[in-house]
């Protein structure tokens, strides 16, 4: 699952749209009906109101990713929502001018399922992703339409939560190497009461680290050792509360 960014729909008045670019067919809409919808709630696992960006990858019955016009799209999210952009990355318990509700209207009729990724953000319409208090989370292959979708951001270990990390060395031909990309997604069963962890890794010469992952879950680690190389998946990586799981890689080029 590769999720990126785009917004091209009419949102409810309670939510602020953020228009972002995407690659999409320039033809007319691929469906004439836009009657489906998604809605739910969003908060930290500590019940705080949160500043977040929610990315949606929407798919049709043939498992083709589509945009909000119902046409095939690639390289970006189908659409995004920015929630509570005027509060900090620490969240708030003050209910003034914030919300725990979200809704996505005018979803194309040929949409059948959706993947959702949630980023903790900091103040402002273009606020940076910030994990000073919360980690990232996602939902997997949810039916469309659907209501009462629970999105929650995990409280990180340093703020009283129970997240953990994955860290390891990376070698190519026996020498330390900087991987092109490292990422991980939880393989735990998706339920409305489960917070699924995911994140992109930081990389350096001979090492990588993926932080703030929901603990007690097994993960699939995806690593691309150099630009243009095939991506390798490593399964069943258990993340424990407030601990670092070691996982190193060695490649031959």
Comparing 78, 186, 33, which has the greatest mean-square fluctuation in the GNM of the chain with Cα pairs linked when under 10 Å apart? 33
Overall Cα dimensions of segment 88-202, principal axis frame, Å, largest first: 52, 38, 28
Starting with the fewest neighbours, write out 76, 248 ranked by other beta-carbon atoms found within 10 Å of each beta-carbon. 248, 76
Could you tell me how far the Cα centroid of segment 235-251 sits from the Cα centroid of segment 101-115, in Å? 34 Å
Extension gain residue 194-residue 141, at 0.36 nm per residue separation less the Cα-Cα distance, in nm? 17.7 nm
Compactness ratio of segment 106-171: Cα Rg over 2.2 N^0.38 Å, N = residue count? 1.47
The extension gain from residue 180 to residue 231, computed as 0.36 nm times the residue separation minus the Cα-Cα distance, is 17.4 nm
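Percent of alpha carbon pairs in segment 77-144 separated by more than 21 Å?
For segment 77-144, the fraction of Cα-Cα distances above 21 Å is 33 percent.
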Would you mind listing how long segment 158-251 runs along its three principal axes, going by Cα atoms, in whole Å with the largest first? 43, 25, 16
Please check: in the Gaussian network model of the chain (C-alpha springs, under 10 Å), which one of 237, 172, 50 has the largest mean-square fluctuation. 172
Quick calc: nm separation of the 7 Å Cα→Cβ label points for residue 103 and residue 209 -> 4.3 nm
Spread of Cα-to-Cα distances over 10 Å intervals beginning at zero, given as percent, for segment 23-153: 13, 42, 30, 14, 1
When all C-alpha to C-alpha distances in the chain are sorted into bins of 10 Å, what percent of pairs does each bin hold, rounded to whole numbers? 7, 30, 33, 23, 6, 0
To the nearest 0.05, the calculated FRET efficiency linking residue 224 and residue 61 through their beta-carbon distance, R0 being 35 Å, is 0.70
Within segment 102-135, list the residues whose amide N lies under 16 Å from a label point set 7 Å along Cα→Cβ of residue 86. 122-127
Taking the Cβ-Cβ separation of residue 238 and residue 32 as r and a Förster radius of 41 Å, what is the calculated FRET efficiency to the nearest 0.05? 0.30
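Computed from the coordinates by the stated procedures, all read-outs in this text should not be read as laboratory data. All of these numbers come straight from a predicted model, not from anything done at the bench. For neighbour counting, all protein chains shown are included, and Cβ atoms are generated from backbone atoms with ideal geometry for every residue, glycine included.
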